[in-house]
Amino acid sequence: MSEDFSTWPVYVINMADNTARMEKCRHALKAAGITFERFEAVNGRALGADDVARVYDAGANRSRFRHPLVAGEIGCYLSHVEVWRKLVLSDVPGAVVLEDDFEAEADLPLVLHALAQDAGRGEWDMVKLYTRRPDKRMLARRPLCEGYEIAHPYQVPNTTLGYVITRASAEQLLRRSLPFARPIDEDHKRFWEHHQRIRVVLPPPIHPGVEASRGDTIASARRKDGRGALSTRLRQAMTNLRYRLKYLAALHWHRRGGLRKGGGE
């Protein structure tokens with residue numbers, strides 16, 4: 001059964017003090033004729049140690065990721081979790097989730113309407129609205145609407161700038177995401193762990209805004225944590241390399257042999 005885009009709520013995740021970003025989002029979505037709801041982001045820096053321990057597995061992080069998560073990454077993950085929770089408690093079939101540092105193409109309403117209708121095919125759980133590398137390898141692609149395609153990426157893009165998600169997918173992610181040990185987009189890349197069928201829209205109907213690169217508090221905190229002696233930086237570089245190689249090995253296994261053994265999409 002096809003769905004009308006108007007039945008899919010649009011949530012914009014926004015920190016209370018990022019009023020300028022919110023105003024830009026409000027202007028852009030109003031110009032596009034898109035009704036939305038501002039969703040209060042979780043401030044990771046305001047969480048107490050006990051609160052963090054309940055949702056973030058520091059022990060698993062040491063074995064499953066390449067560095068400890070900073071407060072912004074924890075808050076970001078929890079913000080998306082709370083959006084999923086709200087979706088699951090609703091009676092709508094899915095939702096559009098946007099972070100507040102996006103800029104939209106004029107065709108965004110057309111794309112969202114097409115995705116709401118396309119959800120009835122039952123072929124995906126989540127569709128990313130942005131990818132940094134639209135030229136990356138795709139396993140399949142088909143027309144979505146005029147000027148756009150829906151594609152099955154070999155490697156899920158590393159971003160949560162914007163996506164469309166079904167209620168069933170949100171429910172599944174809620175069961176499997178807490179406690180977490182990696183950033184949210186790193187978890188999305190491992191579709192085999194969360195059993196998510198993730199697609200992308202090409203070309204992307206949204207892209208990062210100018211303020212995104214200037215005001216990325218997570219990136220700033222990461223750069224600060226990365227300062228230190230040369231030996232420390234070299235060890236981190238080796239850790240990053242091992243992490244990358246391990247991820248690629250798992251990805252290739254699930255894309256090639258894992259499917260036949262029940263380990264892929």
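The values are calculated or read from the model by the stated rules, or taken from the named source; none is laboratory data. As the structure is a computational prediction, the values presented were derived from the model and not from experiment. No Cβ is skipped: glycine too gets one built from the backbone with ideal geometry, and neighbour counts run over all protein chains shown.
Inspect segment 131-145 for any residue being buried (at least 19 other Cβ atoms within 10 Å of the Cβ) and in a loop (DSSP other than H, G, I, E, B) and give the result as yes or no.
Yes, that holds for at least one residue.
Output yes when any residue across segment 103-118 is in contact with a helix residue (DSSP H, G or I) (Cβ under 6 Å, 6 or more places away or on another chain) and over 24 Å from Leu174 (Cβ atoms), and no when none is.
Just the residues of segment 103-118 that are in contact with a helix residue (DSSP H, G or I) (Cβ under 6 Å, 6 or more places away or on another chain), to begin with: 104, 112-113, 116.
Applying the additional criterion that residues be over 24 Å from Leu174 (Cβ atoms) yields 104, 113.
Yes, the conditions are met somewhere in segment 103-118.
Residue by residue through segment 146-159, note down the ones that are surrounded by fewer than 16 Cβ atoms within 10 Å (Cβ to Cβ) and more than 19 Å from His254 (Cα to Cα). Break it down stepwise before answering.
Here is the first cut: in segment 146-159, the ones surrounded by fewer than 16 Cβ atoms within 10 Å (Cβ to Cβ) are 146-147, 154, 158.
If the condition is that a residue be surrounded by fewer than 16 Cβ atoms within 10 Å (Cβ to Cβ) and more than 19 Å from His254 (Cα to Cα), then Glu146, Gly147 are the ones that fit.
Which numbered condition trips up Glu103, out of (1) assigned to a strand (DSSP E or B); (2) at pLDDT 95 or above?
Condition (2) is where Glu103 drops out.
Restricting the first residue to segment 17-35 and requiring it to be closer than 18 Å to Ala95 by Cα and in contact (Cβ under 8 Å) with a residue 40 or more places away in the chain, which pairs with a second residue that is among the small types (Gly, Ala, Ser) and exposed (fewer than 10 other Cβ atoms within 10 Å of the Cβ) meet a Cβ separation below 9 Å and a spacing of at least six or different chains?
Final answer for the pair search is Ala32/Ala106.
Is one or more of the residues making up segment 45-56 at pLDDT 95 or above and within 30 Å of Ala151 (Cα to Cα)?
No, segment 45-56 contains no residue that is at pLDDT 95 or above and within 30 Å of Ala151 (Cα to Cα).
Say we look at segment 97-130 and pick out the residues that are closer than 16 Å to Ala32 by Cα and of a type in the set (Asp, Glu); which of these is surrounded by the most Cβ atoms within 10 Å (Cβ to Cβ)?
This residue is Asp100.
Of all helices (runs of 4 or more DSSP H) completely enclosed by segment 160-207, which ones contain at least 1 residues that are in contact with a Lys or Arg (Cβ under 8 Å, 6 or more places away or on another chain), surrounded by fewer than 21 Cβ atoms within 10 Å (Cβ to Cβ) and in contact (Cβ under 8 Å) with a residue 12 or more places away in the chain?
Numbers: elements: 167-177, 184-189, 191-194.
Hits in segment 160-207: 167-177, 191-194.
Go through segment 88-100 and give me each residue that's in a loop (DSSP other than H, G, I, E, B), farther than 10 Å from Val12 by Cβ and in contact with a helix residue (DSSP H, G or I) (Cβ under 9 Å, 6 or more places away or on another chain).
From segment 88-100, those in a loop (DSSP other than H, G, I, E, B) are 89-93, 100; that's our starting set.
Still in the running and farther than 10 Å from Val12 by Cβ: 89-93.
If the condition is that a residue be in a loop (DSSP other than H, G, I, E, B), farther than 10 Å from Val12 by Cβ and in contact with a helix residue (DSSP H, G or I) (Cβ under 9 Å, 6 or more places away or on another chain), then Ser90, Asp91, Val92, Pro93 are the ones that fit.
Is it fair to say Glu149 is assigned to a loop (DSSP other than H, G, I, E, B), modelled with pLDDT of 95 or more and out of contact with any Asp or Glu (no Cβ under 6 Å at 6 or more places or on another chain)?
Numbers: assigned to a loop (DSSP other than H, G, I, E, B): no; modelled with pLDDT of 95 or more: yes; out of contact with any Asp or Glu (no Cβ under 6 Å at 6 or more places or on another chain): yes.
Considered against the rule, which asks whether it is assigned to a loop (DSSP other than H, G, I, E, B), modelled with pLDDT of 95 or more and out of contact with any Asp or Glu (no Cβ under 6 Å at 6 or more places or on another chain), Glu149 comes out as no.
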